[in-house]
Amino acid sequence: MGGKHSFPRVSLPGDRVVLITGANQGIGYHTAKWIAMMGARVIIACRSEEKAREAIKRMNTEFLEDKGKGTEGVSDLEELNVSFMKLDNASLKSVMALVEEFKASGLKLHTLICNAGIGVHKQEYTEDENEFLFQVNYLSHFLLTAHLLPIMKTSGPDCRVILVSSVAHRMVSFQLDEIQGKQFTENTFDGMKFYNRSKLYQIMQMFSMNRRLADSNVTVTSLHPGVVETGLLDTFGGGVSGAGLRLLRGVGGSKTSFEGAWTTINAAVNPKLAGVRDVYFSDSKPSTVSGQSRNKRDQEKIWTYTLTCLKEHLNEDIIKDLEGTFREMS
């Protein structure tokens, strides 16, 4: 890193709670490890308990190595405060089980990092009958956020929701009637387009959710981690055109998993970002989003459609808390 850090090495209090989805490998792993190494309590929400336990063990081994070397920013804890909760974004029941487990823990929640996701995928539908990419990358995270917001609102100042999106959101337009993709066949379904759109929905969620949280202690930001050399990148195969790949890579080329985590870590811990909302980060700096993602009418269309998709899992109290006074003001 040449001595120049792309995220601040700060001391985090042990009672600051961070929940991150999909953190047993890739950028989520490094994000969770570094936030824990700076002192926070971190919960990794993953599908596989075995892989999560292995990841936690590996985090502690690397933590002791860094502490022994005197790495800047590493806390003097004897062991990282990292624990596991089960989450499978392909199942709304699994999301609700995590919500109940978290509520039962009695913990506060200061930072929610919606990191889990999949890349290009064939046409497939979840047990909830939603298009796979739409649910795994967007819908389940929306449901998780909606249920945890009441806890975050009572957890003190500077609570943050961070949506790990992608510059790929710039490559597509919003088409409400194509969200589930059921008019396509296996041969005509464009997995790349549906991946890109799932990332677009996250940016739109940032804007629409922030409007409803404007007077609260909770902020929502989003980011592009960069083109990271992980298994997810392999799913793109030949589906990315030369121009598209250049847009994804930008001028900096691809990144390691650790480098890919820098922007997320910065968004989570940088004290200068307290109270910052409606910002999309790339390389830890504010960047521009597509004009499509800023279309308020379309933001409200997908917001309404999302609530319809989740109606069996959102009671009146959650919806009222989620909407706040926004409906009354609209």
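The values are calculated or read from the model by the stated rules, or taken from the named source; none is laboratory data. Predicted, not measured: the structure shown is a model, and the values here were computed from it. Methodologically, a virtual Cβ is constructed for each residue, glycine included, from the backbone with ideal geometry; neighbour enumeration extends over all protein chains shown. In case anyone asks, the SASA skips ligands and DNA or RNA and just uses the protein heavy atoms, side chains included. Shrake-Rupley method; radii C 1.70, N 1.55, O 1.52, S 1.80 Å.
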Open item on the list: Could you go through segment 21-30 and let me know if any residue there is of a type outside the set (Lys, Arg), open to solvent by 10 Å² or more (accessible area, probe 1.4 Å) and under 19 Å from residue 105 (Cβ atoms).
Closed with: no
TODO: Report, by residue number, each residue of segment 94-119 that is within 23 Å of residue 153 (Cα to Cα), open to solvent by 40 Å² or more (accessible area, probe 1.4 Å) and of a type outside the set (S, T, N, Q).
DONE: 97, 100, 101, 103, 104, 106, 108
Task: Flag for residue 306 being open to solvent by less than 10 Å² (accessible area, probe 1.4 Å), touching a Pro at 6+ places or on another chain (Cβ under 9 Å) and outside any loop (DSSP other than H, G, I, E, B) - done: no
Task: Filter result (open to solvent by less than 30 Å² (accessible area, probe 1.4 Å), modelled with pLDDT of 95 or more and more than 26 Å from residue 158 (Cα to Cα)) within segment 248-301 - done: 290, 298
TODO: Among the candidates 32, 45, single out the residue that is in a helix (DSSP H, G or I), of a type outside the set (Val, Ile, Thr) and either within 18 Å of the chain's Cα centre (by Cα) or under 14 Å from residue 113 (Cα atoms) (or both).
DONE: 32
TODO: Among the residues of segment 72-93, count how many are open to solvent by 40 Å² or more (accessible area, probe 1.4 Å), within 22 Å of residue 25 (Cα to Cα) and part of a loop (DSSP other than H, G, I, E, B).
DONE: 3
- [ ] Could you list, in sequence order, all residues of segment 48-71 that are farther than 23 Å from residue 136 by Cβ and either outside any helix (DSSP H, G or I) or touching a Leu at 6+ places or on another chain (Cβ under 7 Å) (or both)?
- [x] 59, 60, 63, 70, 71
- [ ] List every residue pair whose Cβ atoms sit under 6 Å apart, with the two residues 6 or more apart in sequence or on different chains, where the first one lies in segment 120-132 and is surrounded by 15 or more Cβ atoms within 10 Å (Cβ to Cβ) and modelled with pLDDT under 95 and the second, anywhere, is assigned to a loop (DSSP other than H, G, I, E, B) and of a type in the set (Ser, Thr, Tyr).
- [x] 120/235
Task: First in segment 260-286 and without any contact (Cβ under 8 Å) to a residue 40 or more places away in the chain and closer than 21 Å to residue 208 by Cα, second anywhere and crowded, with 18+ Cβ neighbours inside 10 Å and of a type outside the set (Gly, Ala, Ser), Cβ under 8 Å, 6 or more apart - done: 286/279; 286/280
- [ ] Give 198, 216 a once-over and let me know the one that is among the small types (Gly, Ala, Ser), open to solvent by 10 Å² or more (accessible area, probe 1.4 Å) and at pLDDT 95 or above.
- [x] 216
TODO: Looking only at segment 183-195, count how many residues are surrounded by 13 or more Cβ atoms within 10 Å (Cβ to Cβ) and part of a loop (DSSP other than H, G, I, E, B).
DONE: 3
